[in-house]
Structures are given as structure tokens and as C-alpha cells.
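Heads up, the thing below is written out as C-alpha cells.
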Amino acid sequence: MAAFFVMGKYAAFVWPAYGISALGIVASVALSLRAYRRAKTRLAALERTVK
Amino acid sequence: MFGYANPKRFMELSGRLLPWLGATTAILFAAGLYLSFTAPPDYRQGDTVRIMFIHVPAAWVAMMGYGFMALASLIGLVNRHPLADVAAKQAAPLGALFTALALITGSLWGRPMWGTYWQWDGRLTSFLLLLFLYLGYIALWNAIENEVRAAKAAAILALVGVVNLPIIEFSVQWWTTLHQGESIFRRGGPTISAVFLWPLFIMAAAYTLLFFTLLLVRMRTEILERRMRALALAANA
Amino acid sequence: MRALGALLVRDVRLAARAGGSAVLALAFFAAVVTLVPFGIGSDAKLLARVAGGVLWVAAVLANLLALDRLFQADYEDGSLDLLALSPLSFEGITVAKMTAHWLTTGLPLTILSPVLALLLNLPATAYTALIVSLLIGTPAVSAIGSVAAALTLSIRRGGLLFPLLVLPLLTPVVIFGAGAVLARLDGVENGAIWLLAAFSVAAVLLAPFVGAAALRLNLSE
């Protein structure tokens, strides 16, 4: 298990690469979904007031 | 294909498609990550080969994204489909994200392999320029207030970019051979042996599906926002 | 044709008067090249080696100076709308603007470049390559720049966006231009000048059409 985290001697490069990629992907998923939900609720509210 | 260009029809279809697309993407990511970490270390690159499993897919999606954006721009410009404009607009930030990820993972791979974070190597350099192309496209969209004009101007820029991209790529390749006479790196980068093809392939599929899943979500958001603006305008009138 | 000539002459006059963009570009070009030795040191060998690249980068930057506002003044005071009503096509307007820009920046920069190359200690063998490459390459800069200028026409502060748009598109010009000079320094034949010429011809031939499309969309409605 420890050997797994050491990644040969390249832990300092492999883990940041995965970390940054995960961060970028998770952030873009979260932001896209949040923007979608927000647009949906705002549109629903607007439709209620217009009618 | 243009039967789906109606925004209402698009919302229906994409709404039904999205859960499946999202689930498939998640499964592919799980399988791809498992394979990435259980693959044996490469005899030359050691464990840094694992960076390749996320670097190559990001690079692939970065390029495909630009191609997609240009194609959508062309359809938007020629057939005047507002949905194509929306697709092109929303593909750009995603493409920029994957280009940035490809650059970062590439330089993290380069540090142990080349001994430096940044090598003015052909592929890294052309990705840096690709990032600039994406950023210019996004900036142009944001700078022009009139939506129709912005869509057209950005579409022209995307087409100019896609025509130039192979030339830029070629010139950069040409340039690296000019400046590093005694290359210690094999041209075209390290070759990848068969054990690594599976994780690479599955991760590439996962990244590609992720791109399209996020694209659909973002397109839906944009359509809702446009509807909102139209409603607000109608209410004020 | 006569309308095109008239527009060309007017633009050249405007740029060439005292304080016009031509003078500005030349001053900027000279200033950048003069600053470089202070930045990287006065080692004659090093300067000779980088002279071609420095002159090319400085020439491109100096070219960009006046490019982003190529259509702006005419757009803001309404004369572009008048031009659009004239017998001149949008393609013709782009050609006139592009040519005027090259005549007032690309050409003078090329003529000034040998003097600045002297300051950078460029070996005598590379002078023809420098001048020829600038002569062939700068029209491509004017062409690509005028397309970007037409695209950013309606943006009030388009100047901020401009370098971002043209930078990746102009990379091949710098690579082949500086590469041609370097080839003469090393006494090798690398074909850079031909690649530069091909790029330049394609850019100059296509730019009027793309520029016209961009002008059209900005003037419609």
C-alpha cells in the first residue's frame, strides 16, 4: 500500500497531476450544475411573476 | 440532424439523454482510474506513465473540442442555427479547461523525464498556443454585447483559428527541429506499449463523454438564460 | 478602383503625418531593439545570434500598435458607414486599409531594420535574409491584423483583446521569419523563406474576404 503512494520515486509528479486534473474536472462539473440549477429556479420564478 | 435544432426539442432530448450520459461517464472514469493505477510501471518512464493516462485524454479532448467548436461555428454561420452558436460558445471554456489540464499534466510529466517543467517542445508549445486561441475566442464572445454579432464574430474567429491550427502546429514542429539540433528525446514522444493501451483508451472515452455531458448541461443553462432574457424583455415591453 | 485608390491615399496620408501611426511604429521598433541589449547584456556574439529573432518580434509588436484601431476611427465617426454605401465593396475597403497599413508600417520598418541590425551586431551575410524576410512577412502581419481589427470593430476597448487574438495566428510568421535569418547565419538552407512566402501569400489572399465578412456583420442592423 505504501509503495502505491510512493509511485516509484515519482509521487511528487504523479499525485499533483491527478490532483489538479481531479480539481479541474470536479470544479467544472460543480459549477456547470450549479449554474444550471440556478437558471432553472430563476426561470421558474420569473415565469410565475409574468403569469 | 437539424430536426433537433429546435431548442424545445433539444431540451426534451438532452434532458432524457443526460442521466445516461452522466452515468456512463462515471462508470468509464471508475474503470479507467482503476486500470490506470493497477497498470505496471513502464520500464523507461516508471510510474510517470500514469500521468499519460490523464495527459493524453486531456490533450485529445482539447483538440477535438476546438474542432467541434469550429464545426458548430460553421453550422451556426451558414445555416443560422442558434443552437449551433450555443454549442460553440459553451464548448470553448471546456476546451480551454482541458487544454490547461493537458499543459499542467504534460509539464508534471516533463519534470522527471526531461529534467525541466517547461520544455519548448513541439507539442507543449502548440498546446500553449491552442490555449491562447481558446482564450481569445472566449474573450471575443464576452466583449461583444449584441448576441447575434458576438456569435458571428466568434464563429469567424473559430474558423480562422481552425484553418491556422495545422499551420501553427507545423511551424512549431519545424521550429523545434531548428533549435534543438541534438535532440535527446525521441520525436513524437515516448511510444506506449500494449499494457497501457487499455487504461489510455478508457480514460480517453471517459474524458470525451465528460466533455459532451458538461457541454449539454451548459447548453441547457444557456437556453434557459436566453429564455429568461426574452421573458424579462417581454414583461418590460 | 478609383475609390479604392482614394481611400488608400487618404489613409497613407493620415498615418504618415507627424504624430501619425507610422512614426509611432518606427519609434516603438527602435525603442524595443535599443532596450534589448540592456536586458540581455552587450555580449556581441549573443546579440548577433538573437538579432534576427529580436528584430522580428519587435517588428511584429510595432506592427500591432496601429493595427487594432485600423477601422476604429472610421467606425466611430461614421465614415465607415458612408464607405459601405459607396461603390467600394467591403473586400475593397479591407484591401485598401491593409495596403495602407503595410505601406506605412511594414515597409518603413523593413527599411529601418538594417540600421537596427547594425546595433545588434548582425553579421553581414544575414542582412539580405533579414530584409527579404521582413519584406515578405510583414504583409501577412497586416493581413491577419486587419481581420482581427475588423472582428473587434464594435468593441469599445478592443485593444485589450487584440493581442490575444492575433498572437497565436502570427506565430508562424515569427518562426519562419526569424528562422530565415538564422538559416543564413548558420549557412544552411532550411526553406524558411519559402514557407514564409507561402503563408504570406495565403494570408494576403484570404484576409480581404474574411475581413469583409467581419465588417459586414459589424455594420449590419
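The values are calculated or read from the model by the stated rules, or taken from the named source; none is laboratory data. Please read all numbers here as calculations on a predicted model, not as lab measurements. Cβ coordinates were reconstructed from backbone atoms using ideal geometry, including for glycine residues, and neighbour counts include every protein chain displayed.
Points to keep in mind about this one:
- Candidate set: the stretch C:180-194, residues that are surrounded by fewer than 20 Cβ atoms within 10 Å (Cβ to Cβ) and within 15 Å of B:Ile167 (Cβ to Cβ); chosen: the one modelled with the lowest pLDDT: C:Gly191
- Single residue of the stretch C:172-195 satisfying the filter (of a type in the set (Gly, Ala, Ser) and assigned to a helix (DSSP H, G or I)) that is nearest to the other protein chains (Cβ to nearest Cβ): C:Gly179
- Counted as qualifying within the stretch C:84-151 are the helices (runs of 4 or more DSSP H) with 2 or more residues that are surrounded by fewer than 17 Cβ atoms within 10 Å (Cβ to Cβ), namely C:107-119, C:127-151.
- For the stretch C:152-171, residues that are within 7 Å of chain B (Cβ to nearest Cβ), without any contact (Cβ under 8 Å) to a residue 40 or more places away in the chain and either outside any helix (DSSP H, G or I) or hydrophobic (A, V, I, L, M, F, W, C) (or both) total 6.
- Output for the stretch C:65-112, where each listed residue is free of Cβ contacts under 8 Å to residues at least 60 places away in the same chain and of a type in the set (S, T, N, Q): C:Ser79, C:Thr110
- Flag if B:Leu77 is facing another protein chain (nearest Cβ under 9 Å) and of a type in the set (A, V, I, L, M): yes
- Restricting the stretch B:33-89 to residues that are among the β-branched types (Val, Ile, Thr) and in contact (Cβ under 8 Å) with a residue 60 or more places away in the chain, the residue that is nearest to B:Val162 (Cα to Cα): B:Val61
- Contact map, the stretch A:18-47: first residue at pLDDT below 95, second residue exposed (fewer than 15 other Cβ atoms within 10 Å of the Cβ), Cβ cut-off under 7 Å, separation 6 or more or different chains; pairs are A:Leu46/B:Ala232.
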